[in-house]
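Working notes for the structure below.
The values are calculated or read from the model by the stated rules, or taken from the named source; none is laboratory data. As the structure is a computational prediction, the values presented were derived from the model and not from experiment. Note that each Cβ is placed from the backbone with ideal geometry, even for glycine, and that neighbours are counted across all protein chains shown.
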Amino acid sequence: MAQPLVKKDDDRDDEAEYSPFMGIEKGAVLQEARVFNDPQLDPRRCSQVITKLLYLLNQGETFTKVEATEVFFAVTKLFQSRDVGLRRMLYLMIKELSPSADEVIIVTSSLMKDMNSKTDMYRANAIRVLCRITDGVLLTQIERYLKQAIVDKNPVVASAALVSGIHLLQTNPEVVKRWSNEVQEAVQSRAALVQFHALALLHQIRQNDRLAVSKLVTSLTRGTVRSPLAQCLLIRYTSQVIRESASNSQGDRPFYDFLEGCLRHKAEMVIFEAARAITELSGVTSRELTPAITVLQLFLSSSKPVLRFAAVRTLNKVAMTHPMAVTNCNIDMESLISDQNRSIATLAITTLLKTGNESSVDRLMKQITNFMSDIADEFKIVVVEAIRSLCLKFPLKYRALMNFLSNILREEGGFEYKKAIVDSIVILIRDIPDAKESGLLHLCEFIEDCEFTYLSTQILHFLGIEGPKTSDPSKYIRYIYNRVHLENATVRAAAVSTLAKFGAMVDSLKPRVFVLLRRCLFDSDDEVRDRATLYLNTLGGDGEVVETDKDVKEFLFGALEIPLVNLETSLRNYVASEEAFDINSVPKEVKSQPLAEKKAPGKKQPTGLGAPPAAPPSTVDAYEKLLSSIPELASLGKPFKSSAPTELTEAETEYAVNVVKHIYDRHVVFQYNCTNTIPEQLLEEVSVVVDSSDAEEFSFVLSKPLRSLPYDSPGQTFVVFEKPEGVPAVGKFSNTLKFIVKEVDPNTGEADEDGVDDEYQLEELEVVSADYMQKVGVSNFRNAWESLDADLERVDEYGLGPRESLAEAVNAVISLLGMQPCEGTEVVASNSRSHTCLLSGVFIGNVRVLARLQFGLTGPKEVAMKLAVKSEDIAVSDAIHEIVASG
Amino acid sequence: MQACPQVKNILVLDSEGKRVAVKYYSDEDWPTSGAKEAFEKTVFTKTHKTNARTEAEVTMIDSYVIVYKFVEDLHFFVTGGEDQNEVILASVLQGFFDAVGILLRGNVEKSEALENLDLILLCLDETIDGGVPLQTDAAVLANKVASHNIDSGAPLSEQTLAQALVTAREHLTRSLLK
């Protein structure tokens, strides 16, 4: 529309910004509200006053308790008026005031009268108001009317009752569940929206009953659903049913045809909902994806921004798991880079970065460089993160990508943006050895002119760790010492620590570092001076060059293994007491947080536009900390590998238990994470009894029970088994949870004195070969492969039998071996008849293993595989073949 | 994913980001009035430079999906959760937006909206109930709101005819402006 944006001139702005609410004041309006009490009501005037009150509330004004009560009572008088418009405003006002229980009683009878009125509008609105303000007791009184209303022939009334039911289900589920029959009838309504609301309510009533939901879906997918909104709901419920039944079905997915049919629906919202549902199917195949991708591709060139956005957002997610499927859309996607809507452009860019291959990186980077200058910081962060993952995918391209990062690091930008860039560079340095030196230099240059203290100190700390390990550590000293001259005290102190680290790690630099450190003794800030003094004394800076003691290094630069919370408590106790402080007395055990504390920050972290879900905090570190905090387990050494948690209970059972397998050289530790989901119970002396009769090579060592397991506060119990050293022993273990149950009074939260012994059957767990393999990638498979001697190679061929598809066979072998696919070779192009997959990993005993898998179709669905394994130890190469042969 | 489409809020702001009418359906997301105002400010500053006058635009802020459309000095927003179907949100926005257009007889701007704030608030109330879309068809919405304010003495057939005329005129002016 070529509608000119009328720029109002200033004087008009001042005067013509006339508002009926100009100079409005709460006190005056409350005074005005007295007209509600007039014996002769003036509906027009009353409506105006209500509008003013609503305006005030809408602007964020609040009424005190007294004011609200006063207004409420005055407003109730208005039920006398028969004016339709006023009644409508009255309903609105009551909902806004959300009266207390004793106030509700006053309007109940008036509202119940309206609920049975002949005017449909009154009935619909009275239902909504009454249900909004009602409590359980009142609800049973009006239940009869609500049931009738649900099947009322007027769609407005029926919808009002159904939507109210949706809300009431949260507070009074037992009442609403009794309405099933009526709701079921409403699902068949001819009115589109009634059907939508009825379906939503019916599903919520039955959501915990899988069979009922499945039946509901089966019957509706066969019939006709009128409303597009209801159709969207049906798609959601269908994919839920598919999700729950997926595990035990082979061959064609149930209901897939229904989803696919919805792609041809006439309403865009239904098409999109179906396309999205298909892309989110677990283990979706390329054949299933194709029709969904095709409609999304059409949306990409729609004139409606919402459709373009919806499509690109979904494709962006698909690109994470099935990059090959999205490549067809790349041309459409590239034209979206210049989209007016920057959200769409950013999503398009990041999708392209995910689907691009090595050869297109340079071209893309050129386009992005132009694009970066005119988008906001938050979008830039998303792009930076996408580039980081691209670089990890194509390590050979690190030079171009690292250059790009260092260029944008020099440009203007806010803290979050700069932090994202720095974080990316740090990750690249860590994961791509070749990129280390250039990356460190980029960071050094950045701190020369960095306005953010936090980033400077972080980089200095990082330099202290990585710098001394480089080929020429001395070249960083200049950058670091410059900080001591030019920065604020915090950065100066960090720089002093970094200098000291160089001194401690690199003996040849020690004398020069000491000279620099001695200069810092005259700093104006005491923290800087203190640090310099400490380092000089402990590192032996009194002139003679000495080997720095290992203990000293540990003391100065080692990690603090004590949770800060515990340290804080101990220090608080120390301040109050007379005794000397002993760091060894601080408990290392991580206390489980009290329930209340944990619930408070329940809000999810904003993940930002299209950003991949934030990586969980390094679980390996967390496990290591946890294990080393328990004396019995700390003595076992460091675990070789910790598996992902496996659920041992079904969802929504009384006790939720999952297990993490920690593999050591000579031991296996099962960490059972238990959660008690019953508020009325306290569990004590919780342990898991493990039967290892199906695992001959394992022998029981010890079990560490959990002293107490309160409601909703997860705890761990451990069981340790011994196994032959270095052997990838496998076996099955059956588990039983044993504990003492104590009743808890829900009011006081106190537990009974006496408990009862009880046990709970858990599912079996299995130690498999893949548990002995760490997923460790290599940046250049070919180089790594050739660097290993040809004598260490073992080749053999296997027939994998009939398989659903080539991709399925490839995934099966990857998960059997538990190795890391390299260079994106886990993705099988659709329709291809052969595939090569490169895997890398570290086998127990720290043996690097590489595998090259060549798959081919030999007959209809018949898959054969040639497996070539190289490892540093020929025995391990054989072991890998054995795993495949027996798997 | 939520089983039922949920709208988290509907905002009508003026050309400076000030409230004309807002309605929040999720106190969990914005527990205080400070949080609400902060959200409105972010939304406004991040969108006011865009051109959302012909087609509804869309963006993501703090993991909320926001669809929006502007006319004259009024900015309409509908917010949903991250995994919400944005096309549904857009249909809610379009329904509400067009209904306001009909109720204000095509003269959609701030002073007119404030003059008829009661209609806007009623229209909001009929569009969404506690986050659940109640009605998304603009004509039905407008009819539900407007019928309350037309003199109850007027015959029913005339009412609808008058309404039809308003709608027709509105459509005509719009097509002329294009």
Problem set entry | Subset tally (residues that are under 33 Å from the mean Cα position of the chain (by Cα), modelled with pLDDT under 85 and assigned to a loop (DSSP other than H, G, I, E, B)) for the stretch A:692-716 | 4
Exercise. Out of all the residues in the stretch A:261-269, is one or more within 14 Å of chain B (Cβ to nearest Cβ), under 17 Å from residue A:221 (Cβ atoms), buried (at least 18 other Cβ atoms within 10 Å of the Cβ) and not aliphatic (A, V, I, L, M)?
Worked result: yes
Problem set entry | Lone qualifier among B:50, B:42 - being more than 8 Å from chain A (Cβ to nearest Cβ) and not acidic (Asp, Glu) | B:42
Exercise. Which of the residues that make up the stretch B:7-31 are of a type in the set (S, T, N, Q), at the interface with chain A (Cβ under 10 Å from one of its Cβ atoms) and within 30 Å of residue A:169 (Cβ to Cβ)?
Worked result: none
Exercise. Taking the condition in contact with a strand residue (DSSP E or B) (Cβ under 6 Å, 6 or more places away or on another chain) and within 30 Å of residue A:723 (Cα to Cα), does residue A:870 pass?
Worked result: yes
For this session: Taking the residues in the stretch B:55-74 that are crowded, with 24+ Cβ neighbours inside 10 Å and more than 7 Å from every other protein chain (Cβ to nearest Cβ) as candidates, determine which candidate is nearest to residue A:311 (Cα to Cα).
Result: B:65
Problem set entry | residue A:175 out of contact with any Pro (no Cβ under 6 Å at 6 or more places or on another chain) and closer than 17 Å to residue B:128 by Cβ | no
For this session: Test residue A:327 against the stated conditions and say whether it is crowded, with 24+ Cβ neighbours inside 10 Å and polar (S, T, N, Q).
Result: no
Exercise. Just checking, how many residues over the stretch A:435-473 are outside any helix (DSSP H, G or I) and out of contact with any Phe, Trp or Tyr (no Cβ under 8 Å at 6 or more places or on another chain)?
Worked result: 5
Exercise. Any residue at all in the stretch A:139-150 that is closer than 19 Å to residue A:186 by Cα, modelled with pLDDT of 90 or more and within 13 Å of another protein chain (Cβ to nearest Cβ)?
Worked result: no
Seminar exercise, completed: Listed by first then second residue, the pairs whose first member lies in the stretch A:368-379 and is closer than 20 Å to residue A:354 by Cα and in contact (Cβ under 8 Å) with a residue 40 or more places away in the chain, whose partner is charged (D, E, K, R) and assigned to a helix (DSSP H, G or I), with beta carbons under 7 Å and at least 6 positions apart or on separate chains, are A:379/A:342
Seminar exercise, completed: Exactly one of A:41, A:30 is in a loop (DSSP other than H, G, I, E, B) and more than 14 Å from chain B (Cβ to nearest Cβ), and that residue is A:41
Exercise. Only one residue in A:307, A:315, A:296 is crowded, with 22+ Cβ neighbours inside 10 Å, in contact with a Cys (Cβ under 7 Å, 6 or more places away or on another chain) and assigned to a helix (DSSP H, G or I), so which one is that?
Worked result: A:315
Exercise. Would a scan of the stretch A:738-760 turn up a residue that is assigned to a loop (DSSP other than H, G, I, E, B), buried (at least 19 other Cβ atoms within 10 Å of the Cβ) and modelled with pLDDT of 80 or more?
Worked result: no
Exercise. Quick one: what pairs do we get from the stretch A:121-135, first residue at the interface with chain B (Cβ under 10 Å from one of its Cβ atoms), second surrounded by fewer than 23 Cβ atoms within 10 Å (Cβ to Cβ) and small (Gly, Ala, Ser), C-beta under 8 Å, 6+ apart or different chains?
Worked result: A:121/B:147; A:132/A:98; A:132/B:130
For this session: Of the conditions (1) crowded, with 16+ Cβ neighbours inside 10 Å; (2) in a helix (DSSP H, G or I), residue A:137 clears all except one; give me its number.
Result: (1)
Problem set entry | Of residues in the stretch A:206-216 being aliphatic (A, V, I, L, M) and more than 11 Å from every other protein chain (Cβ to nearest Cβ), the one nearest to residue A:237 (Cα to Cα) | A:216
Exercise. Of everything in the stretch A:278-292 that's surrounded by fewer than 24 Cβ atoms within 10 Å (Cβ to Cβ), in contact with a helix residue (DSSP H, G or I) (Cβ under 8 Å, 6 or more places away or on another chain) and assigned to a helix (DSSP H, G or I), which residue is nearest to the other protein chains (Cβ to nearest Cβ)?
Worked result: A:279
Problem set entry | Of the criteria (1) within 11 Å of chain B (Cβ to nearest Cβ); (2) modelled with pLDDT of 90 or more, which one residue A:238 fails | (1)
